[in-house]
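One structure is given below, represented as structure tokens, and several questions about it will come after.
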Amino acid sequence: MSIDLNIQNLSSVIQSGALNLLAGMTFSGVIGAVVGYALKKVLKLFMVFMGLYLASLLGLAYFQIVTINFDKLLLALENCFKFAQGVSASFGSFLVALPISTAFIGGLSLGFMKG
């Protein structure tokens with residue numbers, strides 16, 4: 001049993017593999033852009049509601065209707081930031097897994113910037 005590898009067969013194998021990889025990367029890039037755009041819109045809406053909530057709490061504290069323990073509030077915010085750092089560190093190990101994930105992240109970044 002011998003393997004017949006001439007230049008035309010090798011060229012067609014390389015071209016089909018490259019086209020499959022390019023198609024996968026293009027699809028993931030487009031999906032990443034859509035997800036990034038939607039994620040930015042959702043985060044903007046979330047931040048608006050959180051700002052309104054915090055402003056209303058500060059207004060209630062100003063009129064002495066409620067009291068806010070700022071030490072615990074700052075501790076909770078610090079824990080949120082530590083959690084976000086942990087998530088981003090574990091997400092970085094995902095990026096080295098596949099070349100398609102790189103296209104997804106590129107599209108995600110582009111969609112996030114344009115959103």
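Checking residue 16 against (1) surrounded by 10 or more Cβ atoms within 10 Å (Cβ to Cβ); (2) part of a helix (DSSP H, G or I); (3) modelled with pLDDT of 80 or more, which test does it fail?
Checking residue 16 against (1) surrounded by 10 or more Cβ atoms within 10 Å (Cβ to Cβ); (2) part of a helix (DSSP H, G or I); (3) modelled with pLDDT of 80 or more, the one that fails is (3).
A further question follows. Read through the list (1) at pLDDT below 85; (2) assigned to a helix (DSSP H, G or I), then give the number of the only condition that residue 97 fails.
The single condition residue 97 does not satisfy is (2).
For the condition surrounded by 11 or more Cβ atoms within 10 Å (Cβ to Cβ) and in contact (Cβ under 8 Å) with a residue 24 or more places away in the chain, what is the one hit in 32, 59?
Checking each option against the conditions leaves just 32.
The values are calculated or read from the model by the stated rules, or taken from the named source; none is laboratory data. Small disclaimer: the values here were computed from a predicted structure and weren't measured. Positions of Cβ are backbone-derived with ideal geometry, glycine not excepted, and every protein chain shown enters the neighbour counts.
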